[in-house]
Amino acid sequence: MANVPIATILIIDDVPEDRDVYRRFLLRDNPVDYQIAEAESGEEGLAYLQTSACDLILLDVRLPDMDGLAVLAELQQNPQLMVPIIMLTGMQDVNTAVQAMKQGVQDYLIKSQVTPEVLRLTVRNALQRANLQNQLSQSQQRQAGIAAIALRIRQTLDLDSILNRAAIEMHKLLNCDRMLIYKCAPDMSGTIVAASVHDRWSLSLHQNIIHTCFRNDAAYRQGEQCVINDVRQAERSAGHRDLLQQFGVQANLSIPVLLTVQPMDGTPPVENCSKTQLWGLLIAHQCDQPRVWQADEIELVQALSVQLALAIQQAELLHRTKTALQRESELNTLKSHIVSTISHEYRSPLATILIAATTLISHQHQLPTAKQNKFLNLIALKARHLSNLVDDMLFMNQMEQGQVPVKFVPVDLAQFISERIEEYRTQAPEHQLEFVSNGDVQAFHTDPKILGQILNNLLSNSIKYSPTGCQIDVQLYGQDAQVILVVQDQGIGIPLEDQTTLFEPFHRGSNVGTISGTGLGLSIIKSCTEMLGGNVACQSQIAQGTRMTIGLPKVLSEVALAIG
């Protein structure tokens, strides 16, 4: 059966080949489908939007008649035409794209890095965010037509305020002794989250109810109410009667609060197939005497339960939307920071490589062999730096995506560490690397790849931030339950105020000056150590060096090996 289009996407790009690539990438996004419209210029795209609707725009920064920012400005003049926009940019246009994001663009993609997966995920996320915002807007519009009592219940979007106001208003309307709002857990235990009570009766706010009398009762989940006019004569379980008597209840009315389950992908629910979820109960108590609950009273509480459910869903949707928007803002800020950091880290070594290569090409025959080798070594060194930078970024991304498997195998720790140190002695002969191993480090099981990441970042950081000629001490201690790896340098140290964000990605000490780096090393060290079940500690003082201590458990490695 053919897929049903869920969105119309307008591609504004003057390069036919690029438009064709984006079209093919999107049309293969099973099981969903899109309608694709195309425009070769900004004016053509704006003209299309005057007569046709679309759900998302892929907008090229560079267009023959106007740039992407000009198109964005035109759209902002007419709010009815505004839809989510994803900016398409070349490497040289990143700053323009970042500026566009600050002006309301949802996201941007670098053309040379667009893959089917990246484009599809970015489009889905943008549409989902827009859908959340539309749901919130529609929910707020529906608020205007709600009755006066519902307005009083929902005059705030704060969930606690909604629940407290609902309890107070229903208590007044029913003129009962106690009004409770009970939030259910999946097993029907739960908590009293709001209450309004006459002075002569006890307050039960925040009391946990773990009694088993509700747990086998599926009626509430089906929307059925519990009406008890006289607890002494009610056909309820002995446990339920005992619970009501503990609260001094002689008559009880319980109405379920059912929330409509929204599809996770944001698509509208299928007609006549909506599902509900039991959120909790509205409970009215009469404590001074039995009470015959009238039909209109029951209908009133049922109607208020619907209004309360809508208010709860609106508050929770708003909370989710705010969280998503806040997360989006944080990701945008982080993305800009990453682009700035990576651009800076690439620019310097690439400039060095270019100068060295140009010199060799232009003056190869005039340069002595030693000088040529020096330039070649410099090119190799800077290329290795760029390669390590890419490796760190890829490894960090794999860890965040949970794509780094942990495979425990027997490792001779002393030999493993010694070999790594020897590699760094060759790469940095101007530093003195000393290694000492003590205690029982035999028959240790770990993941060599992950341990290698830890060692590489520990050693490269110590070398990078230590003056030429300084000694770096690496010590390995074997204890009964764990092994301890210590790397001590005599480098510039880490300021105390920077140590709170020490292991966060892209955070660096304020005293690094012109020393290159992305701020990923310590974050990788911490993540890798935790993947191996260990812990990491740092001690550092300005101008006195840094001591990094890694503890890796023996028992965990042996158990993991046995399991895997």
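Within the stretch 159-173, does at least one residue satisfy the condition of being assigned to a loop (DSSP other than H, G, I, E, B), in contact (Cβ under 8 Å) with a residue 12 or more places away in the chain, assigned by TED's automatic domain parsing to the domain that holds E297 and surrounded by fewer than 17 Cβ atoms within 10 Å (Cβ to Cβ)? It would help to see each step written out before you state the result.
Quick first cut of the stretch 159-173, residues assigned to a loop (DSSP other than H, G, I, E, B) only: none.
Checked the stretch 159-173: no residue is assigned to a loop (DSSP other than H, G, I, E, B), in contact (Cβ under 8 Å) with a residue 12 or more places away in the chain, assigned by TED's automatic domain parsing to the domain that holds E297 and surrounded by fewer than 17 Cβ atoms within 10 Å (Cβ to Cβ).
Would you call L389 touching a residue at least 24 places away in the same chain (Cβ under 8 Å), outside the structural domain of T529 (by TED's automatic domain parsing) and either buried (at least 18 other Cβ atoms within 10 Å of the Cβ) or at positive phi (or both)?
Details: touching a residue at least 24 places away in the same chain (Cβ under 8 Å): yes; outside the structural domain of T529 (by TED's automatic domain parsing): yes; either buried (at least 18 other Cβ atoms within 10 Å of the Cβ) or at positive phi (or both): yes.
In short, yes.
Yes/no per residue for (1) of a type in the set (V, I, T); (2) modelled with pLDDT of 90 or more; (3) at negative phi; (4) out of contact with any helix residue (DSSP H, G or I) (no Cβ under 8 Å at 6 or more places or on another chain):
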| site | (1), (2), (3), (4) |
| --- | --- |
| E504 | no, no, yes, no |
| G513 | no, no, no, yes |
| G519 | no, no, no, no |
| S523 | no, no, yes, no |
| L532 | no, yes, yes, no |
| Q539 | no, yes, yes, yes |
| G545 | no, yes, no, yes |
| P553 | no, yes, yes, yes |
| S557 | no, no, yes, yes |
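In the stretch 396-409, how many residues are modelled with pLDDT under 75 and crowded, with 16+ Cβ neighbours inside 10 Å?
2
Could you tell me which numbered condition G521 fails, if it satisfies all but one of (1) within 18 Å of Q482 (Cβ to Cβ); (2) surrounded by 14 or more Cβ atoms within 10 Å (Cβ to Cβ)?
(1)
Sort through S540, S527 and tell me the only one that's out of contact with any Cys (no Cβ under 8 Å at 6 or more places or on another chain), surrounded by 19 or more Cβ atoms within 10 Å (Cβ to Cβ), assigned to a helix (DSSP H, G or I) and not β-branched (V, I, T).
The conditions single out S527.
For the stretch 1-114, list the strands (runs of 3 or more DSSP E) that sit wholly inside it and hold at least 2 residues that are in contact with a Phe, Trp or Tyr (Cβ under 8 Å, 6 or more places away or on another chain) and in the same structural domain as Q133 (by TED's automatic domain parsing); which are they?
Details: elements: 5-12, 33-39, 56-60, 85-89, 107-110.
Passing ranges, in order: 5-12, 33-39, 85-89.
Being farther than 17 Å from I9 by Cα, free of Cβ contacts under 8 Å to residues at least 24 places away in the same chain and of a type outside the set (S, T, N, Q) is the filter; apply it to the stretch 94-116 and report the residue that is surrounded by the fewest Cβ atoms within 10 Å (Cβ to Cβ).
Top of the filtered list is K102.
If you check every pair at least six apart or on different chains, which have Cβ atoms under 6 Å apart with a residue in the stretch 345-373 that is under 18 Å from S387 (Cα atoms) and in contact (Cβ under 8 Å) with a residue 24 or more places away in the chain first and a residue that is of a type outside the set (G, A, S) and not in a helix (DSSP H, G or I) second?
Final answer for the pair search is E345/T518.
I'd like the full set of residues that are part of a helix (DSSP H, G or I) and either at pLDDT 90 or above or more than 21 Å from R384 (Cβ to Cβ) (or both), limited to the stretch 426-448.
Of the residues in the stretch 426-448, the ones part of a helix (DSSP H, G or I) are 426-427, 448.
Across the stretch 426-448, the qualifying residue is only P448.
Of the residues V197, V231, which is modelled with pLDDT of 80 or more, in the same structural domain as I298 (by TED's automatic domain parsing) and in contact with a helix residue (DSSP H, G or I) (Cβ under 7 Å, 6 or more places away or on another chain)? Explain how you work it out, then say what you get.
Numbers: V197 fails: in contact with a helix residue (DSSP H, G or I) (Cβ under 7 Å, 6 or more places away or on another chain).
Going through V197, V231 in turn, the sole match is V231.
Taking the stretch 316-331 only, how many residues are under 13 Å from the mean Cα position of the chain (by Cα) and among the acidic types (D, E)?
Residues that pass the stated criteria total 2.
Pairs needed: first member in the stretch 242-271, closer than 21 Å to A284 by Cβ and of a type in the set (F, W, Y); second member anywhere, assigned to a loop (DSSP other than H, G, I, E, B) and at pLDDT below 85; C-beta distance under 7 Å; at least 6 residues apart or different chains.
Note: pairs meeting the criteria are F247/S204.
Restricting the search to the stretch 53-74, which residues are surrounded by fewer than 17 Cβ atoms within 10 Å (Cβ to Cβ) and in contact with a Leu (Cβ under 8 Å, 6 or more places away or on another chain)?
Selection gives E74 alone.
Going by the conditions given, is V406 part of a loop (DSSP other than H, G, I, E, B) and either under 30 Å from V118 (Cβ atoms) or hydrophobic (A, V, I, L, M, F, W, C) (or both)? Before the answer, list the steps.
Values: part of a loop (DSSP other than H, G, I, E, B): yes; either under 30 Å from V118 (Cβ atoms) or hydrophobic (A, V, I, L, M, F, W, C) (or both): yes.
Yes, satisfied.
Which residues, counting only those in the stretch 490-524, are in contact (Cβ under 8 Å) with a residue 60 or more places away in the chain, of a type outside the set (A, V, I, L, M) and in a loop (DSSP other than H, G, I, E, B)? If you could, list the steps in order and put the result at the bottom.
Looking only at the stretch 490-524, we keep the residues that are in contact (Cβ under 8 Å) with a residue 60 or more places away in the chain, and these are 505-506, 516-524.
Those still in the list that are of a type outside the set (A, V, I, L, M) too: 505-506, 516-519, 521, 523.
Answer for the stretch 490-524, where residues must be in contact (Cβ under 8 Å) with a residue 60 or more places away in the chain, of a type outside the set (A, V, I, L, M) and in a loop (DSSP other than H, G, I, E, B): P505, F506, S516, G517, T518, G519.
The values are calculated or read from the model by the stated rules, or taken from the named source; none is laboratory data. Given the structure is predicted, the values throughout are model-derived calculations rather than measurements. Note: ideal-geometry Cβ built from the backbone for every residue, glycine included; neighbour counts use all protein chains shown.
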